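See below for the structure under consideration.
The values are calculated or read from the model by the stated rules, or taken from the named source; none is laboratory data. These figures come from a predicted structure and were not determined experimentally. So basically every Cβ, Gly included, is an ideal-geometry build from the backbone, and we count neighbours across all protein chains shown. For the accessible areas, the whole protein counts, side chains as well, though only heavy atoms, and no ligand, DNA or RNA atoms are used. Shrake-Rupley method; radii C 1.70, N 1.55, O 1.52, S 1.80 Å.
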Protein chains: 4
Amino acid sequence: MTDKPRLRICLIGSGFMGKAHAFGYTMAARVFDLPYALEFHTLVDISDAAAQRAADALGFAHAATDWKAAVANPEIDLVSITAPNALHKEMALAAVAAGKHVYCEKPLAPLASDALEMAEAAEDAGARTQVGFNYLCNPMVALAREMIASGELGEILGYRGLHAEDYMADPTGSFTFRHDPAGGGALADIGSHALATAEFLMGPAAGPIKTVMGDCVTMIRERPDGKGGIRKVEVDDIGRAFLRFSNGATGSIEGNWIATGRKMQHAFEVFGTRGALAFNQERFNELHFYATDDPHGRQGFRRIEAGPEHAPYGLFCVAPGHQLGFNDLKAIEVAGFLEAIAEMRPEPYNFRMGLRIQTLVETIQVSSREGRWLAVT
Amino acid sequence: MTDKPRLRICLIGSGFMGKAHAFGYTMAARVFDLPYALEFHTLVDISDAAAQRAADALGFAHAATDWKAAVANPEIDLVSITAPNALHKEMALAAVAAGKHVYCEKPLAPLASDALEMAEAAEDAGARTQVGFNYLCNPMVALAREMIASGELGEILGYRGLHAEDYMADPTGSFTFRHDPAGGGALADIGSHALATAEFLMGPAAGPIKTVMGDCVTMIRERPDGKGGIRKVEVDDIGRAFLRFSNGATGSIEGNWIATGRKMQHAFEVFGTRGALAFNQERFNELHFYATDDPHGRQGFRRIEAGPEHAPYGLFCVAPGHQLGFNDLKAIEVAGFLEAIAEMRPEPYNFRMGLRIQTLVETIQVSSREGRWLAVT
Amino acid sequence: MTDKPRLRICLIGSGFMGKAHAFGYTMAARVFDLPYALEFHTLVDISDAAAQRAADALGFAHAATDWKAAVANPEIDLVSITAPNALHKEMALAAVAAGKHVYCEKPLAPLASDALEMAEAAEDAGARTQVGFNYLCNPMVALAREMIASGELGEILGYRGLHAEDYMADPTGSFTFRHDPAGGGALADIGSHALATAEFLMGPAAGPIKTVMGDCVTMIRERPDGKGGIRKVEVDDIGRAFLRFSNGATGSIEGNWIATGRKMQHAFEVFGTRGALAFNQERFNELHFYATDDPHGRQGFRRIEAGPEHAPYGLFCVAPGHQLGFNDLKAIEVAGFLEAIAEMRPEPYNFRMGLRIQTLVETIQVSSREGRWLAVT
Amino acid sequence: MTDKPRLRICLIGSGFMGKAHAFGYTMAARVFDLPYALEFHTLVDISDAAAQRAADALGFAHAATDWKAAVANPEIDLVSITAPNALHKEMALAAVAAGKHVYCEKPLAPLASDALEMAEAAEDAGARTQVGFNYLCNPMVALAREMIASGELGEILGYRGLHAEDYMADPTGSFTFRHDPAGGGALADIGSHALATAEFLMGPAAGPIKTVMGDCVTMIRERPDGKGGIRKVEVDDIGRAFLRFSNGATGSIEGNWIATGRKMQHAFEVFGTRGALAFNQERFNELHFYATDDPHGRQGFRRIEAGPEHAPYGLFCVAPGHQLGFNDLKAIEVAGFLEAIAEMRPEPYNFRMGLRIQTLVETIQVSSREGRWLAVT
């Protein structure tokens, strides 16, 4: 029925992000004219029962618990890693060693040194890689990037980024793996999204972030350990940073997981000499745009609603205003990666970029501890 | 891999709504634990090429151009009709005659008399049916309905509904099938959504709409006929109505396809003695709720963001604030219908309801012509 | 210090609107270069104590309880009437008979027949008159009117107006003078604002409202009479109307005083072939404007914030975004009236216009009772 | 007519803030039951003509150009200083030396050392003083402060403040006194408002700001000097800071005068363990409040609209939703100061507080230059 080459997927994990990957592959295959015919080959989870249940639900032909065997299976072309963060490295290294392409959830690894090893291994092996940054694939964010890059906003005067949620705002909530001193904390967990968006948007016009000044704070210093005791928390609940981009543009970001009431405040404002943009993932099918050359008395932020003129929205829906959902963003993410595998375009957000974001996170953390500006190397 | 009974689908049409159906089936199969294993059997379109292309893209095993043969095919269990409105009746009657379940896009038929024939045929044949009302499956609309029905808002004092878009606002746009005097016009095309939402929300508390007073107006009286000539337009560009519900509650709706700038203003406000709700499909992952028993000085409309506590949002995403998209609403619609086919629940919006909405539309149109209130029979 | 002619004011009433008049005169005298030096001469209230207290607070030289004497006093030039509605007529007739100019709160009179008598008496006497419509003086509403009148929105395709509040939403609230069958009800009380705004905005482009179809409903049919008994309510809680303007443009309005949670939902949307506007008094320093000639992919409603380019905002504040308050709107209203008294401009909203709005209200009420369209005479 | 003691005012300056003071006194005298009868005695401006024109317009009995004589005049009780910033010190010192109370626009002085001298002189002289922070008198900000102080939000976890406008965003705009290295820059000019709000809100619960880390940047490095040449700009266009409050709470602020499109983005968000608040001066009659103890599935930020339950709103208007304007905030500011003069309450924002804010500004500036955290002394 189709003569596209097939691409056989192994998905590790079937929780929040495991499902999101599966949904992303599923919708991508229907919405886009992908370069591959996708085969949902093997789903790996922690027990036979969980793996089989998830394989059935998500449409995978095989269920497995031994991720090493699955990753080594010559029938697999692409491995999606959504296991706990601590396992990302070992899994990814095994997958690229076995000649697979790898799509790994963020954070790529708890430490930048690990991420570097992963990026280099992938590059040496010629693997295509992707890190799941979720929010960068939004057509309205792509529009923002294009407007900044093209000069439509003039020279960029300032940037303000934010990712705030409240899933750790309850002081009685238990200590989790996200509080692990190795790689945990709000800055790493969601501040990383704010950093990824900042460089994604500003990069073409302003170059990468050159120096940072961090402010990482722990507000809830103890949490129940789930076993009746109390455990000290050392990672940041809020991670803030001042930013300098290569061309001298400046900005700030904040990652905050104790922002009571906020569920998805991934937001930015960017100001240029000719215009400005404001965006909030809380209403992510909108981009607010101010143009200084609008007529006198008629100026104001205009609420641009996503529509077919903002590719690839039109592939999901031919009429404007109907809106994409979060899982649709994952489908766009998948499609971009598959095109990169097919060498139709560079990798949108590969391990090298995952390393970059992790490096930014760690440089901000060190800067915060040392109370001084640091160059990002 | 699964022992669910299979359900074999024939999809007629692959345009805007054809794709939405296909996406809906696809996502429903992944997101929900459906009572059936879905088989994407046959896609019917207007030419071999179009049908084959769409079948490949949307994952159907067979492509066809002869809808009659497809509908009669004993291998088919369910027929999805997204062909032009004028064909809905013939297709649906053939499908139910062949023992199929039918999922038909709205409007069910250009005329209520046709819709009645379809509803009766389906009921006689024991077919399960569904009409695609798109916006009713939104978890936030379900929440609104539940709040109204449960008395959380107190006694309902007033309702205001709206569906406004601008796809016909350009006077130079051509005459299309939507301008056809038989069944066309803004009230039938999108005012029907406002009516469906009004009865869906208010029904449990206030009963069905009992009488209506219509105001249907044609503002752009001529349009290019696409062949160099001009064609007179007789259908309404705006259809308004005053409403009386069975329990005496009152309200109004407007359907408007010349609302410049509006892409998806499907909105309602409902006021009760203990609270109020405001909703707009422009930001459909939110419901605004005012509670009179909030403390003095702390009252206000609160913006409830969709989350896992608003089923079935949690099946799509375990974290709040991530948002559903339009195609996700279609997946929820599909899931509800499949459960109805499996006799796990009544049909959510069957042909009888499609007839009901068409009856409301026509009664409003006649009321408008006659300039007087009419009972809805 | 100034050689402006003086204008001596008598204010009747010192409640909600009495204060608003006093504040309006006070600020107008500071903000505008008025044609007159205002003298706050006499304040009339119901008792000596109340009158003296209000005179002291609001800066009037004299306090009085005998409005007839005050109105007849040759030292008075202008009478501001903010007494209960039922007294408007007698007071206004006495004032114009005594050669005064009159600024009367709305509704001008309970019945159009009274308003007509008042308008004619004023015209015969050569008095300048004004009715306090509050919301029409907003610079953003003036901007909207200008954009409609100038053709900036193209041909007008539709209008939707609303004035909803919740001060009668509590069914246990007592019967008041506002429930009086002679002149009471939501349509008269606040729907009149929606009507005034509709004609104010649309008039220059579409002419006056020509025919109406009304829907006036009483939802809370009994209220405590304040003396331990129950009193039947016959006036409308919600008054809706379909509208036809002289040039064929159409629209609707709603006045609603049982709109739980709404404090000041005086809103409109107007759609034209080249653009659209949306406004809500809840955020009355903003006007939302959609322009169809914005570039493709950059279209959206833009939020214009009030600034010095929207006269007379700049007289209140030289910087944009600082915002006017409700009492500032009254100051603008006052200034316009004083300019009319000085014959620098026509009366902005005189008794004839008060009559007009009352006529619209009554025609809608009769139309509702008779269930048919009526011409507005 | 009244036996209140009189208070005789001398206003220096009649520009933006001069008018705002005059309007504030005017409305305060009508709206509040002030402890004094205000006399608008002398208006001082730069020329006889300007002074006379302003005195006439703003209702002052006398016009003058010699501010020293005016300030020394024994008939004056209170001096309002709205002259250029560079003159604040000399004027204020002269006024307190002459035994007057002083209401001075912000910034109190270009340098903290000057502000200290002024504060000490005032305290030595027993003068009552006030600095015009504009935004702190808003009833909704007072409500926010009360909610934070009372523990209604629980323990405070984070604060984010902002004051962004765009009046310096045009790179072709000329060099002005605001660019003067002594005291100029965005942080001093409007970042000071963000700092004042931060301490005003957080103070009762978290104590004063203890340490800061600044980031002050100049983006537009040259401006026309207005004489055909170019002048180098050394002051900051954006001033950012991380903040530590005395109790360990943390936050950030930004002052930004090149925020294209922003006219009055004076905003804050504050997050506590039991609730959160969000505010924006762009819609300053609203406060958004999230309460964690709202029922499951009904949580969300609620938009509280200003009303009579938020004192002193009710003195301006007895009905909710009508809204205060900027000049009304000045009236509230005036009233508070007059009550402090009458020893009915402490000074709300005296010179000591002006000094405090200036100290914060300068500490942030030094911190920025030195690239390290500094204690605020």
**Request:** Any chance you could look up the accessible area of C:His288 with a 1.4 Å probe, heavy atoms only, rounded to 10 Å²?
**Result:** 50 Å²
**Prompt:** Hey, got the dipole for segment C:1-81? About the Cα centre, +1 on K and R Cβ, -1 on D and E Cβ, debye to the nearest 20?
**Reply:** 160 debye
**Inter-label distance, nm, simple model (7 Å from Cα along the C-beta direction), D:Lys210/A:Asp170** = 3.0 nm
**Fill in**
Those trypsin sites (Lys or Arg not before Pro) from segment B:337-377 that are DSSP loop and have at most 14 other Cβ neighbours within 10 Å turn out to be none
**Asked** Per-residue mean of other chain beta-carbon atoms within 10 angstrom of the beta-carbon, peptide A:299-312?
**Response** 6
**Prompt:** Mind checking the mean number of beta-carbon atoms from other chains within 10 Å of the Cβ atoms in A:28-34?
**Reply:** 4
**Request:** Sort shortest first the distances from D:Ala97 to its counterpart in every other copy, using label points 7 Å along the Cα-to-beta-carbon line, and give them in nm.
**Result:** 6.6, 8.4, 10.6
**Asked** Hey, can you list the DSSP H helices of chain C whose Cα span along the axis is 27 Å or longer and whose average Kyte-Doolittle score is at least -1.0?
**Response** C:351-370
**Request:** Once you have a ≥ b ≥ c as the square roots of the Cα gyration tensor eigenvalues for segment A:69-127, tell me rounded if a/c is under 1.5, and otherwise prolate or oblate according to whether a/b is larger than b/c.
**Result:** oblate
**Asked** Hey, if you drop one equal point scatterer on each alpha-carbon of segment D:184-334 and run the Debye formula without solvent, what base-10 log of I(q)/I(0) do you get at q = 0.10, 0.14 Å⁻¹?
**Response** -0.49, -0.88
**Asked** Using a label point 7 angstrom from Cα along Cα-to-C-beta, what distances in nm, from shortest up, separate C:Pro35 from the other copies?
**Response** 4.4, 7.7, 7.9
**Complete:** Check: C-alpha center segment D:288-337 vs C-alpha center segment A:303-340, spacing in Å is 40 Å
**Asked** Averaged over peptide B:154-160, how many Cβ atoms belonging to another chain are found within 10 Å of each residue's Cβ?
**Response** 6
**Message:** I'd like the distance between the alpha-carbon centres of segment D:187-208 and segment A:108-136, rounded to an integer number of Å.
**Reply:** 43 Å
**Given charges at beta-carbon only (K, R positive; D, E negative), |dipole| of the protein assembly as shown in Debye** = 0 debye
**Request:** Would you work out the charge dipole size for chain A about its Cα centre, treating the Cβ of every Lys and Arg as +1 and the Cβ of every Asp and Glu as -1, and quote it to the nearest 20 debye?
**Result:** 460 debye
**Request:** Along Cα-to-Cβ, 7 Å out, sits the label point; list in nm, shortest first, how far the one on B:Ser246 is from those in the other copies.
**Result:** 4.7, 6.6, 7.0
**Chain B, closest residue to the rotation axis toward A, by beta-carbon, whole angstrom** = B:Gly325, 1
**Asked** Relative contact order (percent) for segment B:6-132, with alpha-carbon contacts under 8 angstrom and 6 or more residues of separation?
**Response** 23 percent
**Asked** Rounded, prolate or oblate: which one fits segment A:271-334, using the alpha carbon gyration tensor with axes a ≥ b ≥ c (rounded when a/c is under 1.5, else prolate when a/b beats b/c, else oblate)?
**Response** prolate
**Message:** Cα atoms only: what Rg and Dmax, in Å, come out for the protein assembly as shown?
**Reply:** 33.9, 105
**Fill in**
Kirkwood calc, chain D, C-alpha pairs only, radius in angstrom 21.5 Å
**Request:** Answer with one residue from D:Phe245, D:Tyr290, D:Thr377: the one whose Cα lies farthest towards the positive end of the charge dipole of chain D, charges on Cβ with Lys, Arg +1 and Asp, Glu -1.
**Result:** D:Tyr290
**Asked** Hey, if you drop one equal point scatterer on each alpha-carbon of segment D:6-132 and run the Debye formula without solvent, what base-10 log of I(q)/I(0) do you get at q = 0.10, 0.17, 0.18, 0.20 Å⁻¹?
**Response** -0.27, -0.80, -0.90, -1.11
**Request:** Any chance you could look up the accessible area of D:Arg345 with a 1.4 Å probe, heavy atoms only, rounded to 10 Å²?
**Result:** 100 Å²
**Message:** Please list, ordered by chain and number, the residues whose modelled amide H lies under 5 Å from the amide H of C:Val376; skip anything fewer than 5 residues away on the same chain.
**Reply:** C:Thr211, C:Val212
**Prompt:** So what does log10 I(q)/I(0) come out to for segment C:120-261 at q = 0.17, 0.19 Å⁻¹, using the Debye formula with one equal point on every Cα and no solvent?
**Reply:** -0.98, -1.09
